[in-house]
Amino acid sequence: MTTIALVDDENSIRTSVSLALESDGFQVDAFNNGVEALAALETKHYDLGLFDIKMPKMDGNELLAKVRSSKNIDLKEMPIIFLTSKDQEQDEIIGLRMGAADYITKPFSQKLLNERIRTVLRIYSYRKN
C-alpha cells in the first residue's frame with residue numbers, strides 16, 4: 001500500500017484530503033506542521049509527501065529543503081508535491097527548483113490530485129528501476 005505524508009496546518013484540508021486518498025486506496029498520515037512531519041519522515045518510510053507551504057513552526061519550503069538534504073537516501077529521494085494557496089508563478093518556479101515533483105494550488109480537484117499522485121509515483125518508480 002502506498003503511504004503518503006500529508007502536511008497542512010488547515011484541519012479541513014487534512015481531513016478531506018486524507019479521507020479522499022484513503023477511499024482511493026492510499027494510506028495517509030497527516031501532520032499539522034513541518035516539525036511534526038519531519039520527525040515522522042525521519043523514522044518511517046513514506047512513498048510520497050504532500051506539503052503545504054504556508055505553515056507555522058516550519059514552512060513547506062524549509063521542510064522540503066531538510067528532506068532533500070537528508071542523509072537517508074529514501075527520504076532524500078522521496079517525491080514531494082506542494083499543495084498550497086501560494087498561486088504566483090514565481091512561487092511555483094521556486095518550489096519546482098527546490099526539488100518538488102509537482103505544484104498544485106488550492107482550491108484543487110481531488111480527482112486531479114489523486115491522478116497527479118499516481119503519475120508522480122509512476123515516474124519515480126520508473127526512475128528507481
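Values in this text are rule-based calculations from the coordinates and carry no lab data. Here the structure is a predicted model, which means the values were calculated and not measured. Because the Cβ atoms are built from the backbone with ideal geometry, glycine has one as well, and the counts that use them run over all protein chains shown.
Given all pairs of different Cα atoms, what value in angstroms does the Kirkwood hydrodynamic radius of the chain take?
Numbers: mean 1/r = 0.0694 Å⁻¹.
So the Kirkwood estimate lands at 14.4 Å.
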- Separation in nanometres of the label points that stand 7 Å from Cα toward Cβ, at THR119 and ALA20: 1.6 nm
- Rounded to whole angstrom, the alpha-carbon centroid of region 1-53 lies from that of region 59-112 at a distance of 13 Å
- Roughly what % of DSSP beta bridges within the chain run antiparallel, to the nearest 5? 0 percent
- Message: Can you pull out the chymotrypsin sites (Phe, Trp or Tyr not before Pro) in region 12-91 whose DSSP state is coil and whose Cβ has at most 14 other Cβ atoms within 10 Å?
- Response: none
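How would you classify region 21-73 from its alpha-carbon gyration tensor, with a ≥ b ≥ c the square roots of the eigenvalues: rounded for a/c under 1.5, else prolate if a/b is greater than b/c, otherwise oblate?
Working: a/c = 2.01, a/b = 1.28, b/c = 1.57.
Judged from the Cα gyration tensor, region 21-73 comes out oblate (a/c at least 1.5, b/c at or above a/b).
Report the FRET efficiency, 1/(1 + (r/R0)^6), for GLU36 and TYR126, where r is their Cβ-Cβ distance and R0 is 35 Å, rounded to 0.05.
Numbers: r = 31 Å, r/R0 = 0.89.
Efficiency at R0 = 35 Å is approximately 0.65.
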- In the Gaussian network model of the chain, springs joining C-alpha atoms below 10 Å, which of ASN33, ASN61, ASN11 carries the largest mean-square fluctuation? ASN11
- Query: LYS44: which lysines have alpha carbons under 16 Å from its alpha carbon, excluding same-chain residues fewer than 8 sequence positions away?
  - Reply: LYS66, LYS71, LYS76
- Query: If you take the C-alpha gyration tensor of region 59-129, multiply each eigenvalue by 5 and take the square root, what semi-axes do you get, largest first, in whole Å?
  - Reply: 20, 17, 9
- Item | Those aspartates and glutamates that a straight Cα-Cα span of less than 17 Å connects to LYS111, excepting residues fewer than 8 apart in one chain | GLU22, ASP24, ASP102
